[in-house]
Amino acid sequence: MSVPRWVLRWACLLCLWPVALGSSTHLPASRKRNKDVFLGENTRTTHGGRIDFKMKKSDSTKSLLIKSEQLLRIEDHDFAMRPGFGGSAIPVGIDVQVESIDSISEVNMDFTMTLYLRHYWQDDRLAFPSSSNKSRTFDARLVKKIWVPDVFFVHSKRSFIHDTTMENIMLRVYPDGNILYSVRVTVTALCSMDFSSFPLDTQNCSLELESYAYNENDLMLYWKNGNDSLRTDEIVLSQFFIEDFQPSYGLAFYSSTGWYNRLYINFILRRHIFFFMLQTYFPTMLMVMLSWVSFWIDRRAVPARVSLGITTVLTMSTIITGVSASMPQVSYVKAVDIYLWASFLFVFLSVIEYAAVNYFTTVEEMRKLKRGTPTTYNTNQAMAFDGCFHDEIDLTPFPELPTTPTTDREVPARNSSSGAEPPPTEGTRLWRRKSVRHNLKFIMSNSYMIDSYSRIIFPVTYLLFNIIYWCMYS
């Protein structure tokens, strides 16, 4: 009985030996793989493939067991109330960096600006213990759970916070409770512009910041670093040159809620004149000078002078309409309006000048016909003057009027008297001043002199107008 038991025991050991051997060979490899995976997540290898445990850096998000809300004790406080409620006003510093001025509209009287708006304040409720004294940075998700200043833009028409690819909001909390809150915002605000000197004008615009709910007893806005709180990038505009950026401070009063702190971002815009010189002033000058060409055209060339005058008048009307369409409908006169309408007056007077010349020429021709002096023209001359073709032109004088007995009589002198004055002695010359009526009759009888005078009077007057205009508005 003892021999079979011994045999069975050895038989069982022989059967179990391969199983135990296989499990022992697979176990170390499995443990090694698990160890490699674990070390691969927390360390990095050197050039030789070995693991450098000295350069191993722990991930704070994995080792930190406390959430941000628990670290900052957000659930323990009521953040609907401002810090230090019931005490003195909380100071909130403002720092602005202007990224760009996107557009300036004269028609809508507004401007669009993109800027970085940064707020600085202290909230002891968010203080947390830290051995390294390092700040913690959060995004917009934590901003909605704490108190932040309710700063808004006064006189703004539209504004939005950029959200590509995420909302451009940063919240940085320091261990002592100091907070930096930064947003990237684009705002379109009103700018009250004065176009009295347009386009030689300079505009003063400002962007105003103010707390919406907290007056000066609860919140005090101030520039964080004084004049250095406003920084700008290199801004280039198409129609304006930015002369100055300057921050300022003031107070605003509302009858129902009281006094509020208000911060101003002031900037001065000076308009570039070269664009308007090319588009408005130079074409206007050329049209006025073109209207003077008619003074050198024969006064009997009616089609040429009339068409030239009408063309310049219509062109000036088009220029005035185009400038007015691109400007706001203001109730006062602008500098460009003065120049355009004065130039239009010069063009209009050149047309009126020819109307007067043509009339006086016709009256002079009629007088010559009455006097019996015939005036004949050939066919080519007549066609050049009135634009019509004539087969034959023969202008005969009017028949002489019959003379009456009174025409042959000698009319006695009105000042004749018994004591007639003696004739002037030989060697003396009498000067008699001619009346205005006599000079007018002389010009009417010599209508060509009107064109001669206009060639000098019109250019000199227009030159004098330009000198006064540019000295006044430049």
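Gyration tensor analysis over the Cα atoms of segment 178-240 returns equivalent ellipsoid semi-axes of 30, 17, 12 Å (largest first, whole Å).
Remark: segment 244-258, residue by residue, has Karplus-estimated 3J(HN,Hα) of 7, 10, 8, x, 8, 9, x, 10, 10, 10, 10, 5, 8, 10, x Hz, where x stands for each Gly or Pro and the curve is 6.51 cos²θ - 1.76 cosθ + 1.60 at θ = phi - 60°.
Rolling a 1.4 Å probe over the protein heavy atoms leaves D298 with an accessible area of roughly 70 Å². On full extension, the segment bounded by E216 and S100 gains 38.7 nm, given 0.36 nm per residue less the C-alpha separation.
Report note on the peptides 299-312, 354-367: ranked by the mean count of other C-beta atoms within 10 Å, highest first, their order is 299-312, 354-367.
Remark: the Cα gyration tensor places segment 168-315 in the prolate category, a/c being 1.5 or greater and a/b exceeding b/c. Computed with a 1.4 Å probe over protein heavy atoms only, the accessible surface of segment 294-357 comes to 48 Å² per residue. Looking at segment 286-335, the chymotrypsin sites (Phe, Trp or Tyr not before Pro) that sit in a DSSP loop and have at most 13 other Cβ atoms within 10 Å of their own Cβ are Y332.
E106 sits among other residues whose Cβ lies under 12 Å from its own Cβ, and their net charge, with Lys and Arg +1 and Asp and Glu -1, is -1.
Would you kindly state how much longer the chain becomes between R172 and S196 on full extension, computed as 0.36 nm times their sequence separation minus their alpha carbon distance, in nm to one decimal?
Between R172 and S196, full extension yields 3.8 nm more.
In plain terms, the chain from T318 to S182 could stretch by 43.9 nm, reckoned as 0.36 nm per residue minus the Cα-Cα distance.
With no solvent and one equal point scatterer placed on each C-alpha of segment 94-244, evaluate the Debye formula and give log10 I(q)/I(0) for q = 0.10 Å⁻¹, two decimals. Normalising to I(0) and taking log10 leaves -0.44.
The values are calculated or read from the model by the stated rules, or taken from the named source; none is laboratory data. Everything numeric here is computed off the predicted structure, so don't read it as measured data. FYI the Cβ positions are ideal-geometry reconstructions off the backbone, even for glycines, and counts take in every protein chain you see. Note: areas computed on protein heavy atoms with side chains; ligands, DNA, RNA excluded. Shrake-Rupley method; radii C 1.70, N 1.55, O 1.52, S 1.80 Å.
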